[in-house]
Structures are given as structure tokens and as C-alpha cells.
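What follows is a short report on a single structure.
The values are calculated or read from the model by the stated rules, or taken from the named source; none is laboratory data. Remember, it's a predicted structure, so these values are computed and weren't measured experimentally. All Cβ positions, glycine included, derive from the backbone under ideal geometry; neighbour counts span all protein chains shown. Heads up: the accessible areas ignore ligands, DNA and RNA and are worked out on the full protein's heavy atoms, side chains in. Shrake-Rupley method; radii C 1.70, N 1.55, O 1.52, S 1.80 Å.
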Amino acid sequence: MHIRMVGTGSAFAKKYDNNNALIETNGFRLLVDCGITLPKALHQMGLSFPEIDAVLISHIHGDHVGGLEEFAFQMMFKYSRKPVLFIAETLIEPLWEHTLRGGLTQEPLNKLDDFFDVRPLEANKEIELHPGLIIELVQTKHILNKPSYSFLFNRRFFYSADMRFDGGLLRKLVDQGVSTIYHDCQLESPGVVHASLEELLTLPEDIQRKTWLMHYGDAIEQYEGRTGHMRIVEQYASYEV
Ligand SMILES: O=c1ccn([C@@H]2O[C@H](COP(=O)(O)O)[C@@H](O)[C@H]2O)c(=O)[nH]1
Ligand SMILES: [Zn+2]
Ligand SMILES: [Zn+2]
């Protein structure tokens with residue numbers, strides 16, 4: 001399984017695009033989150049929307065869903081196709097009512113299913129998205145009373161999306177066989193709604209060695225050599241996980 005970060009930046013980063021990723025396996029290309037900067041970043045990578053087989057959403061923040069309106073419009077009016085949208089069942093109504101409805105509605109198109117082939121996902125239940133690509137949604141803490149999900153791929157690759165620090169969960173995942181963790185990282189403390197670098201540095205060495213940092217601020221270069229045993233994911237680079 002390959003992963004390419006379309007962006008590695010925090011919500012307010014300007015040197016880095018929104019923290020969105022492409023997971024590629026057996027000829028299947030899954031977009032993980034579709035933020036405000038995604039359409040331009042994807043274009044700069046030489047890719048266009050029809051080359052994406054499905055999109056998966058972690059939670060309703062602009063750097064994770066802000067590019068969906070353009071995705072939907074381009075697919076409908078430029079390519080006459082309905083993209084597959086994998087999304088937790090708890091996020092379906094808020095995604096339409098609170099984010100997309102205003103921009104996308106034009107009678108008779110007035111619901112999420114008019115634009116996307118919606119595939120609801122249940123948390124804590126494995127599902128094969130494509131042959132060779134199994135996913136489990138793990139609900140993690142990010143914003144109070146706002147559902148947010150991390151992703152476990154093929155039982156071995158954990159992608160935090162946006163979450164607060166949870167050392168107990170990371171310990172459990174590693175003990176269960178997770179070999180690679182991509183974790184959001186807020187460089188300055190306190191993390192508040194993300195894991196801070198200071199918190200991540202408290203992880204035991206064996207977990208740190210499996211951990212790569214993403215969703216970072218523009219100051220990341222100043223932190224090179226100061227991330228313990230954790231490595232930094234580079235924007236646009238491709239990794240085998
Ligand atoms: O209580 C809060 C809520 C949000 N923030 C900041 O806003 C961004 C939201 O974007 P993410 O998708 O969560 O990255 C977050 O990074 C915080 O910087 C906050 O500080 N406190
Ligand atoms: Zn974010
Ligand atoms: Zn968020």
C-alpha cells in the first residue's frame with residue numbers, strides 16, 4: 001500500500017497544503033479528506049478528480065472537507081460521474097446540512113446522494129473498501145461533541161487525521177500489530193484540539209520509531225532534529241506503508 005500526502009499542513013499553514021492523502025493499492029486510489037487547498041494541490045501533482053476512485057472523510061473541518069464542493073461540481077458537470085464517498089454515518093447529515101447544502105443545491109439536486117455515491121461506514125467495524133484495502137474507523141477525540149474519526153488500514157497502518165493526544169490508544173494499536181502511525185502534530189503547546197509535539201515526545205521509543213508527523217505548521221523546518229525518534233512526512237512524497 002502506498003501513501004502520498006497531497007498536503008501536510010495544519011489548518012492555518014501557508015507553506016503546506018491541507019493535510020490530505022492519497023492511498024494507492026492494487027490500482028485503487030483513495031483520497032483521504034478533501035480540504036480547501038486540495039483541488040489546486042491535486043492539479044499541481046498532475047492529477048484530476050476522475051483519477052480518484054473514492055474519497056474518505058474524517059470530520060467536518062474546512063481543511064478536511066472544504067474541497068468537496070468543487071469535487072462534486074467537477075464530477076457532475078465536467079465528467080458526468082458520481083464519485084464514491086466513504087463517510088461515517090454520523091457525519092452524513094452534518095456534511096450536507098452544515099457544509100455542502102448551500103453551495104451545491106440547485107433544484108432538482110438537493111441532497112448529498114444527488115452528488116455522491118454515499119457509502120456509510122460504522123465505527124469499530126472492519127470493511128473492505130477494495131480488494132486488499134481493509135479499513136476500520138476509530139472515533140477519536142478532537143472537538144467536544146463533534147464526531148471525528150481516525151483510520152486503521154489493513155490492521156497495520158494508523159492514520160490519525162485530527163485527534164488529541166491519546167498515548168493509551170497508540171500503545172494498544174502497536175501491541176495489536178500496527179507498524180506505522182501517521183499522526184497530526186501541533187508544534188507549539190498546548191495542543192488543545194491536536195496532539196502537541198511535546199505530548200508525542202512522551203511516547204515510548206518503540207512507538208516513536210513507528211510514528212511519522214503530519215498536519216504541522218509552517219515552522220516545521222525549525223523542528224528538524226527535535227522530534228525524538230519520530231520522522232516527518234514530506235508533502236507530495238510517496239511512502240510504502
Ligand atoms: O477549540 C478550538 C478549535 C479549533 N482551533 C483551531 O482551529 C483549527 C481547526 O482546524 P483542524 O481541522 O482541527 O486542524 C485547529 O487546528 C486549531 O488550530 C483551536 O485552536 N481551538
Ligand atoms: Zn485539520
Ligand atoms: Zn479538525
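Residue by residue, here is whether (1) surrounded by fewer than 17 Cβ atoms within 10 Å (Cβ to Cβ); (2) at pLDDT below 95; (3) more than 16 Å from ligand 2 (Cβ to nearest atom); (4) of a type outside the set (Ser, Thr, Tyr) holds:
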| residue | (1), (2), (3), (4) |
| --- | --- |
| Ala11 | no, no, no, yes |
| Ile23 | no, no, yes, yes |
| Leu42 | no, no, yes, yes |
| Glu51 | yes, no, yes, yes |
| Gly66 | no, no, no, yes |
| Glu69 | no, no, yes, yes |
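Here is a yes/no grid of residues against (1) among the polar types (S, T, N, Q); (2) open to solvent by less than 70 Å² (accessible area, probe 1.4 Å):
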residue	(1), (2)
Pro94	no, yes
Thr99	yes, yes
Glu107	no, no
Leu112	no, yes
Phe115	no, yes
Pro120	no, no
Asn124	yes, no
Handout entry: Pairs where the first residue, in segment 57-80, is farther than 21 Å from Ser148 by Cβ and the second is within 16 Å of ligand 3 (Cβ to nearest atom) and part of a helix (DSSP H, G or I), C-beta under 9 Å, 6+ apart
Key = Glu70/Leu38
Handout entry: The listed residue being away from ligand 3 (no atom under 16 Å from the Cβ) and without any contact (Cβ under 8 Å) to a residue 40 or more places away in the chain, out of Leu42, Leu38, Leu30
Key = Leu42
Handout entry: Enumeration of residues in segment 166-196 that are in contact with an Asp or Glu (Cβ under 9 Å, 6 or more places away or on another chain) and away from ligand 1 (no atom under 14 Å from the Cβ)
Key = Gly167, Val174
Handout entry: Scan of segment 138-158 for residues that are open to solvent by less than 80 Å² (accessible area, probe 1.4 Å), away from ligand 2 (no atom under 14 Å from the Cβ) and without any contact (Cβ under 8 Å) to a residue 60 or more places away in the chain, ordered by number
Key = Val138, Leu152, Phe158
Problem - Single match in Phe158, Phe165 (criterion: in a strand (DSSP E or B) and of a type outside the set (D, E, K, R)) - result: Phe158
Handout entry: Conditions (1) on the phi > 0 side of the Ramachandran plot; (2) surrounded by fewer than 19 Cβ atoms within 10 Å (Cβ to Cβ); number of the one not met by Ala161
Key = (2)
Handout entry: Identity of the residue in segment 164-204, open to solvent by 20 Å² or more (accessible area, probe 1.4 Å) and of a type in the set (D, E, K, R), that ends up nearest to Ala219 (Cα to Cα)
Key = Glu188
Practice task
Scan segment 141-160 residue by residue and report those that are away from ligand 1 (no atom under 12 Å from the Cβ) and touching a helix residue (DSSP H, G or I) at 6+ places or on another chain (Cβ under 9 Å).
Solution key: Pro147, Tyr149, Ser150, Leu152, Phe158
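So, in segment 205-223, of the ones that are more than 22 Å from Ala11 (Cβ to Cβ) and without any contact (Cβ under 8 Å) to a residue 24 or more places away in the chain, which residue ends up farthest from ligand 2 (Cβ to nearest atom)?
Looking at residues that are more than 22 Å from Ala11 (Cβ to Cβ) and without any contact (Cβ under 8 Å) to a residue 24 or more places away in the chain, I get Arg209.
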